[in-house]
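Worksheet: one structure, shown below.
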Amino acid sequence: MKFSEKKGVYITGSGQLKIEKSSGLSIREMGAEAVKLAMTDAGIDKVDAIYLGNMLSGVLSNQQQLGPLVATCAGLKGTESVTLEAACGSGGAAVRAGTMAILSGLCDTVVVCGLEKMSHDDKDFITRSIATASDWESEGGKGETFVTLNAKLMNMYIEKYRISPDSFGMFGVNAHRNANNNPNALFHKEISLEDYLHSKFISGPVRIFDASPVCDGAAAIVLSKYPSCHLDNRPSVKITGSGASTEFVGIGDRQNPLAAEGIRRSGEKAYAMAGISPKNVDFFELHDAYSIISTLSLEAMGFAEQGKGWKLAAAGEILPEGKIPISTFGGLKARGHAIGASGVYQTVEAYLQLTDRALGNKIKKEPRVGLVQSIGGTASTTITHVLERE
């Protein structure tokens, strides 16, 4: 019996704020606004629990205890509310916590919110703060940042498979094309492959269009044990698979960093729960913080052989009309990567695709199965969810 036939975890509402370089709202206000938008969309006024995904509030905003702050600001005083931290995968971790709360039977309805306020006067301080998600003893504490760490991974890939740094260009082209149709995205400017090739290198083979931007954002979804009953007759969407895995945090500790074993294990768990394989997936909201991570994810999740993920992009198969569309609303690269919020934004976007509300971002095929993956660090934490339209 498939996981999806045993118990139900339905997405019944969603809400998102526009990604901004610097929001005028406080972190609690951002979270509360996203929560209220999602609950309004679901047509409810109370929930059993709130699960928040956030990484940097204690460092950049000097504020922990986001749970009760967001709950009270949203008018939900007294509601259970806690924060999950898994670096850049914090949003995905919150979605998984909400899913498990429903499956456990302890909750009937929960709201999951990802939120991050990264705007700060000291840009170097932001970079160092994000680097705390690396292995500080061997990486961050010795001057590494996630730009340099991803540059190392990209160099390994280029050298092993003997390809040009130019090979990754279509990831950025696709992301910016899709973000241009997304009113909530940070960037609204398409780029060409020529633009990519003439863009500046920021570390090793990593170009500016290979990396995601620093920004502020918040998004939320409502999860319920019951299918949605909306006046707009939207289809029901169910989370049928959920898988999480870890890997050595330090790249140097991994036997084969390019195998992305943590990503593969997380995906296999989610596939098994849902009773599906890669061939059943209609689109993939992957964690495209860097082009090299997109490449490794496509390979580890079974959409391309090792060393050929970039070919899938180069052939246009990741575009909305391709075999496996990715980053359909612009992804982390062009919608923006408000770290703790990204996994929830991805889930909101997958929900919109599956309920025929993607508007200008609708993929060509009629989607029934979407894959959402949230990653912390250089793939040291990976959380994968399968969403299916009923």
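The values are calculated or read from the model by the stated rules, or taken from the named source; none is laboratory data. Just so it is clear, the structure is predicted and the values come from calculations on it, not from any experiment. Heads up, the Cβs are rebuilt from the backbone with ideal geometry, glycines too, and the neighbour counts pull from every protein chain shown. For accessibility, only protein heavy atoms count, side chains too; no ligands or nucleic acids. Shrake-Rupley method; radii C 1.70, N 1.55, O 1.52, S 1.80 Å.
Over the range 33-111, calculate the relative contact order: mean separation of alpha carbon pairs under 8 Å at least 6 apart, over the residue count, as a percent.
About 39 percent, as a whole number.
Give me the lysines in straight-line cross-link reach of residue 36: C-alpha distance below 29 Å, same-chain residues under 8 apart excluded.
The reachable lysines, counting only those whose Cα sits under 29 Å from residue 36, are 7, 18, 21, 46, 77, 117, 225, 238, 333, 362.
Enumerate the helices in the chain for which the Kyte-Doolittle hydropathy averages -1.0 or more and the C-alpha atoms extend at least 15 Å along the helix's axis, using complete DSSP H runs. Mind showing how you got there, number by number?
Working: long enough: 27-42 (23 Å, 0.22); 90-104 (21 Å, 0.91); 146-161 (22 Å, 0.19); 169-179 (16 Å, -0.27); 261-274 (20 Å, -0.79); 342-354 (18 Å, 0.22).
Span-like helices here: 27-42, 90-104, 146-161, 169-179, 261-274, 342-354.
Lys and Arg at +1, Asp and Glu at -1: add these up for the other residues within a Cβ distance under 11 Å of residue 374 and post the number.
For residues surrounding residue 374, the net value is 0.
If you add up the charges near residue 78, with Lys and Arg at +1 and Asp and Glu at -1, over every other residue whose beta carbon is less than 14 angstrom from its beta carbon, what do you get?
On the way: positive: 46, 77; negative: 45, 48, 80.
Around residue 78, the surrounding residues sum to -1.
List the trypsin sites (Lys or Arg not before Pro) within the range 184-251 that DSSP assigns to loop and that have no more than 14 neighbouring Cβ atoms inside 10 Å.
Of the trypsin sites (Lys or Arg not before Pro), the ones in loops of the range 184-251 whose Cβ has at most 14 other Cβ atoms within 10 Å are 189, 200.
Keeping all protein chains in place, calculate the accessible area per residue for the chain (probe 1.4 angstrom), answer in Å².
Heavy-atom accessible area per residue stands at 38 Å².
Consider all pairwise Cα distances in the range 155-297 and report the whole-number % of them above 22 Å.
Every Cα pair in the range 155-297 considered, those over 22 Å come to 56 percent.
Would you work out which of 84, 138, 230 lies farthest towards the positive end of the dipole of the chain, given +1 charges on the beta-carbon of Lys and Arg and -1 on that of Asp and Glu, about the Cα centre?
After comparing all options, I get 230.
Seen from all sides and averaged, what is the projected area of the convex hull of the Cα atoms in the range 223-346, in nm²?
With the hull built on Cα positions only, its mean projection is 9.2 nm².
Could you give the length gained by full extension between residue 127 and residue 315, i.e. 0.36 nm per residue of separation minus their alpha carbon distance, to one decimal place? Intermediate results must be reported in sequence, preceding the final value.
Details: separation 188, 0.36 × 188 = 67.68 nm, distance 3.37 nm.
Contour length minus the Cα-Cα distance gives 64.3 nm.
Run lengths n ≥ 4 of DSSP H only: what is the helix-derived mean residue ellipticity at 222 nm for the chain, with -39500 (n - 2.57) per run over all residues, to the nearest 500?
-10000 deg cm²/dmol
If 283, 125, 303 are ordered by their accessible area, calculated over protein heavy atoms with a 1.4 Å probe, which sequence runs from highest to lowest?
Reading off the accessible areas and sorting them downward yields 125, 303, 283.
Per 10 Å bin from zero, what fraction in whole % of the C-alpha pairs of the range 65-143 is there, up to the bin with the longest pair?
16, 36, 30, 16, 3
Please work out the C-alpha center-to-center distance from the range 45-88 to the range 269-316 and express it in whole Å.
31
Taking every pair of alpha-carbon atoms in the range 10-87, what share in percent sits in each 5 Å bin, from 0 to the bin with the longest distance?
Over the range 10-87, the share of Cα pairs per 5 Å bin runs 3, 14, 26, 27, 19, 8, 2 percent.
Any aspartates and glutamates with Cα under 14 Å of the residue 152 Cα? List them, leaving off those in the same chain fewer than 8 positions away.
Once the sequence-local aspartates and glutamates are set aside, what remains near residue 152 is 139, 144, 210, 253.
Of the trypsin sites (Lys or Arg not before Pro) in the range 50-138, which ones lie in a loop per DSSP and count no more than 14 other C-beta atoms within 10 Å?
Loop-located and lightly packed - 77.
Report, in debye and to the nearest 20, how large the dipole of the chain comes out about its Cα centre when Lys and Arg carry +1 and Asp and Glu carry -1 on their Cβ.
Working: 40 positive and 42 negative charges, 128 e Å.
Using Cβ point charges on Lys, Arg, Asp and Glu, the chain gives about 620 debye.
Computed from the coordinates I sent, volume of the Cα convex hull per residue in Å³ equals one of [x] 154; [y] 141; [z] 122. Tell me the label.
Recomputing volume of the Cα convex hull per residue in Å³ here gives the entry labelled [z].
Roughly how many Å² of residue 146 are accessible to a 1.4 Å probe, to the nearest 10?
20
Would you work out what percent of the accessible area of the chain, with all protein chains in place, is carbon or sulfur (probe 1.4 Å)?
In the chain, the share of accessible area belonging to carbon and sulfur is 51 percent.
Taking the Cβ-Cβ separation of residue 255 and residue 193 as r and a Förster radius of 35 Å, what is the calculated FRET efficiency to the nearest 0.05?
Efficiency for this residue pair is about 0.50.
Any idea what the dipole of the range 251-331 comes to, in debye rounded to 20, about its Cα centre with Lys/Arg Cβ at +1 and Asp/Glu Cβ at -1?
Values: 8 positive and 10 negative charges, 37 e Å.
Here the range 251-331 has a charge dipole of around 180 debye.
What is the mean projected area of the alpha carbon convex hull for the range 128-190, to one decimal in square nanometres?
About 5.9 nm², averaged over all directions.
Using the charge dipole of the range 342-390 (Lys, Arg: +1 at Cβ; Asp, Glu: -1 at Cβ; taken about the Cα centre), state which of 387, 361, 344 has its Cα farthest towards the positive end.
Farthest along the dipole direction, towards plus: 361.
Counting only other residues whose beta carbon sits under 15 Å from that of residue 192, what net charge do I get with K and R as +1, D and E as -1?
-1
Taking R0 as 25 Å, what FRET efficiency do you get between residue 225 and residue 63 from their Cβ-Cβ distance, rounded to the nearest 0.05?
FRET efficiency, residue 225 to residue 63: 0.15.
Using mean Cβ contacts within 10 Å as the protection proxy, how do 315-328, 251-264 order, highest first?
Packing order, densest peptide first, comes out as 315-328, 251-264.
Given the C-alpha centroids of the range 100-120 and the range 138-194, what is the distance between them in whole angstrom?
Here the two parts' Cα centres lie 29 Å apart.
Counting only C-alpha contacts under 8 Å and six or more residues apart, can you give the relative contact order of the range 150-240 as a whole percent?
Details: 64 pairs, mean separation 22.4, N = 91.
Dividing the mean separation by the residue count of the range 150-240 yields 25 percent.
Go ahead and set up a Gaussian network model of the chain, Cα springs under 10 Å, then flag whichever of 215, 229, 107 fluctuates most.
Result for the chain, Cα springs under 10 Å: 229 fluctuates most.
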